[in-house]
Ligand code: PMP
């Protein structure tokens with residue numbers, strides 16, 4: 001069984017995980033009305049290093065605000081609680097999940113002031129991500145356009161699409177798949193951003209291409225630029241990948257993974273990936289001072 005941690009912070013207090021329950025009629029369960037974050041804390045042998053904590057906390061509120069929702073807890077309260085939870089569970093890499101969702105009190109689909117708001121934060125151990133022989137295919141699913149669902153919001157509703165992308169890819173024998181946006185441009189994989197190298201430039205789909213502007217994506221753009229690698233964000237038709245020099249994906253859970261097999265074609269790791277990964281890894285595990293504003297030490 002997966003260990004989701006002993007204590008969960010729910011609506012302002014730490015409680016035993018088995019007491020953190022909600023009503024089966026919760027609005028979020030029926031209609032997908034919740035927003036969440038995925039944050040990671042790394043154990044360097046002595047300390048916990050939380051990666052870009054402030055940015056994740058900011059994005060959570062923006063995700064809620066996208067739909068006109070908000071919660072009573074301040075960003076500082078959320079930060080203090082996360083640090084407390086990491087302290088309780090330190091000694092290993094942790095995944096941290098703040099989650100805001102609507103409960104009971106509705107009598108139709110619309111959320112009004114009578115609908116209960118819930119906020120939980122939990123953390124659980126996260127094992128090393130397997131990075132060998134990572135494979136991607138192309139998805140038959142597209143990412144939702146803005147007027148269907150805003151992919152900039154980490155709303156639960158978006159993740160039915162992500163699940164479809166991933167399950168279909170796995171049924172075809174691949175780890176994941178690249179989905180296009182509604183205009184036929186490359187977007188992202190199920191729950192991570194895409195980068196590829198072409199003409200010695202590092203490319204990544206533009207934020208207008210129905211992607212989540214990942215915090216890892218933003219970090220990689222910064223590291224690459226600092227390393228003197230030319231980075232371009234753009235709208236790329238699927239065929240752009242045909243003559244690329246390789247690709248990788250990135251995200252909080254995924255970290256950075258080189259795509260060994262891109263729809264049946266094999267690629268050796270490109271030097272840009274190796275160089276960026278070395279800096280990224282030194283931020284996560286070695287408190288790289290050049291990027292110290294990206295980490296919170298616990
Ligand atoms: N796209 C989607 C749809 C995601 O769910 C995630 C994971 N949060 C990402 C990209 C990567 O974002 P981040 O680097 O902020 O984790």
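Assuming residue 68 fulfils every condition listed in (1) at positive phi; (2) within 16 Å of the ligand (Cβ to nearest atom) apart from one, which condition is it?
(2)
Please give the strands (runs of 3 or more DSSP E) falling wholly within region 198-252 in which 3 or more residues are closer than 23 Å to residue 55 by Cα and either touching a helix residue (DSSP H, G or I) at 6+ places or on another chain (Cβ under 8 Å) or more than 11 Å from the ligand (Cβ to nearest atom) (or both).
Details: elements: 201-205, 231-234, 247-251.
Result: 231-234, 247-251.
Working only within region 178-213, note down all residues that are surrounded by fewer than 21 Cβ atoms within 10 Å (Cβ to Cβ) and either within 12 Å of the chain's Cα centre (by Cα) or within 16 Å of residue 278 (Cβ to Cβ) (or both).
Within region 178-213, just 213 meets the criteria.
Being within 13 Å of the ligand (Cβ to nearest atom) and surrounded by fewer than 22 Cβ atoms within 10 Å (Cβ to Cβ) narrows it down to one of 62, 48, so name that one.
Numbers: 48 fails: within 13 Å of the ligand (Cβ to nearest atom).
Only one candidate qualifies: 62.
Of all residues in region 166-191, which are near the ligand (Cβ under 9 Å from one of its atoms) and over 9 Å from residue 210 (Cβ atoms)?
189, 190, 191 - these are the residues of region 166-191 that are near the ligand (Cβ under 9 Å from one of its atoms) and over 9 Å from residue 210 (Cβ atoms).
No lab work stands behind these numbers, since they all come straight from the coordinates. As the structure is a prediction and not an experimental result, all values here were calculated from the model. FYI the Cβ positions are ideal-geometry reconstructions off the backbone, even for glycines, and counts take in every protein chain you see.
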